[in-house]
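The values are calculated or read from the model by the stated rules, or taken from the named source; none is laboratory data. Computed from a prediction, not measured in an experiment: that's the story for all the values here. For neighbour counting, all protein chains shown are included, and Cβ atoms are generated from backbone atoms with ideal geometry for every residue, glycine included.
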Amino acid sequence: MKLRQIGWRALARLAGRALALGLFASGATAQGWPDRPVHIVVPLTAGSATDVMARTVGQRLAEQLGQPFIVDNKPGAAGTIGVGAVARARPDGNTILVQSSSYTITPITYPNTPYDTLRDLVGITPLAVLPQALVVSPDSGLKSVKDLIARAKARPGTLNYGSAGVGTANQLNAERFRIGAGIDAVHVPFKGTPEVLTELLAGRLDYFFCPVNICLPLINDGRLVALAMGSSRRSAVLPDLPTTVELGVPDSNYDFWVGMFVPAATPRDIVDRLHRETVKALANPAVKQSLAKLGAEQNVLEPRAFDSEIGKEIAANAALVKAAGIPISSP
């Protein structure tokens, strides 16, 4: 019995030392971070708004922290390839994910991914919101949201809208609008936004919720007509254009955002430092100017608040997927 008690005491001392060493190592790691190049994984193609944001913020972080921040594009399977790579990465702050709001839809539309969104990754902060505009061709004869809804109700199931793919922000915004307006319309998915715009300009699509940074030049040139903003607030680049909610379509807003994440086991002090440095980078005038050119509007949150919002958005998207009948698939 005495030997057993001595054994337990020894184990307790060892456990205490291990805990102390662990805490010390965590602090030392954070204090020295980053001590080598940091990789930012973007699960989308180069040149996308998410990619441009990652490169803009990453360049500033490199200047602040004295290490290269290298963007690795890993597109495919609705972004789950890139997200999975970060979820499996060593949790030392040297592998970062920058992803769009599709991050909160793929757990529902792609339920068999080899990672758990809420368990395996944690948020650093949103970087910005990219508003979407409801646009139509000038040849459509549609001058307002009221006109669009009236036509859809007069011809149930004949109008169609485009998106950059199933489960994308374009589709989610359009489905929230469709349900809120009480209309019936056909979803036509494409590989990307350029293909949707080609069909819209040709008159083969009726409407599209387009990222404002992409469609703004076409709106300014008169090649597209903007009927409303699909986001929860007006855009700074189109301040006179009301939102669909303002125009009487309830619960039709959808905010397309870009955010930063790391593996869940990353030491909390590294998470907090990365958050502080990212907020500092976003406040830099050159970064603010670059993001403004994208039509992006900054939307910073503390890490734990961001995680909470992610959980709420996944739940809201699950309800939307069910209501809209968006298909469930495997990556």
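Scan the range 111-131 and tell me whether some residue there is among the charged types (D, E, K, R) and either in contact with a Pro (Cβ under 9 Å, 6 or more places away or on another chain) or surrounded by 19 or more Cβ atoms within 10 Å (Cβ to Cβ) (or both). Yes: the range 111-131 contains one or more residues that are among the charged types (D, E, K, R) and either in contact with a Pro (Cβ under 9 Å, 6 or more places away or on another chain) or surrounded by 19 or more Cβ atoms within 10 Å (Cβ to Cβ) (or both).
Filter the range 74-102 down to residues that are closer than 23 Å to GLY230 by Cβ and at pLDDT below 95, then give me how many there are. Walk me through how you get there before you give the answer.
Within the range 74-102, the subset closer than 23 Å to GLY230 by Cβ is 78-79, 98-102.
Add one more test, that the residue is at pLDDT below 95, and what stays is 78-79, 100-102.
Qualifying residue count, the range 74-102: 5.
Among the residues of the range 30-47, is there at least one that is free of Cβ contacts under 8 Å to residues at least 24 places away in the same chain and assigned to a loop (DSSP other than H, G, I, E, B)? Within the range 30-47, one or more residues are free of Cβ contacts under 8 Å to residues at least 24 places away in the same chain and assigned to a loop (DSSP other than H, G, I, E, B).
Scanning the range 180-194 for residues that are within 14 Å of ALA164 (Cα to Cα) and in contact with a helix residue (DSSP H, G or I) (Cβ under 9 Å, 6 or more places away or on another chain), we see that the one that is surrounded by the most Cβ atoms within 10 Å (Cβ to Cβ) is THR193.
Looking at GLN59, GLN64, which one is more than 19 Å from THR104 (Cβ to Cβ), touching a residue at least 12 places away in the same chain (Cβ under 8 Å) and either assigned by TED's automatic domain parsing to the domain that holds PRO285 or surrounded by 15 or more Cβ atoms within 10 Å (Cβ to Cβ) (or both)?
Values: GLN59 fails: touching a residue at least 12 places away in the same chain (Cβ under 8 Å).
None of the other options fit; the residue is GLN64.
Residues in the range 251-277 that are under 15 Å from ARG304 (Cβ atoms) and hydroxyl-bearing (Ser, Thr, Tyr): THR266 only.
Condition test on ALA85, is it under 26 Å from ARG36 (Cα atoms) and in contact with a Lys or Arg (Cβ under 8 Å, 6 or more places away or on another chain)? In short, yes.
Of the residues making up the range 118-141, those that are under 13 Å from the mean Cα position of the chain (by Cα) and of a type in the set (Val, Ile, Thr) are ILE124, THR125, VAL129. Before we move on, is VAL86 assigned to a helix (DSSP H, G or I) and either in contact with a helix residue (DSSP H, G or I) (Cβ under 9 Å, 6 or more places away or on another chain) or buried (at least 23 other Cβ atoms within 10 Å of the Cβ) (or both)? When the stated conditions are applied, VAL86 passes them. The conditions of being of a type in the set (A, V, I, L, M, F, W, C), modelled with pLDDT of 95 or more and touching a Leu at 6+ places or on another chain (Cβ under 6 Å) are met by LEU227.
Restricting to the range 312-327, name every residue that is surrounded by 13 or more Cβ atoms within 10 Å (Cβ to Cβ) and closer than 30 Å to LEU61 by Cα.
Taking the range 312-327 first, the residues surrounded by 13 or more Cβ atoms within 10 Å (Cβ to Cβ) are 313-314, 316-318, 320-321, 324, 326.
Listed by number, the residues that qualify are GLU313, ILE314.
Just to be sure before I move on: is ALA133 part of a helix (DSSP H, G or I), of a type in the set (A, V, I, L, M) and in contact with a strand residue (DSSP E or B) (Cβ under 9 Å, 6 or more places away or on another chain) in the structure I sent? Don't jump to the end; show me each part of the working.
Values: part of a helix (DSSP H, G or I): no; of a type in the set (A, V, I, L, M): yes; in contact with a strand residue (DSSP E or B) (Cβ under 9 Å, 6 or more places away or on another chain): yes.
No.
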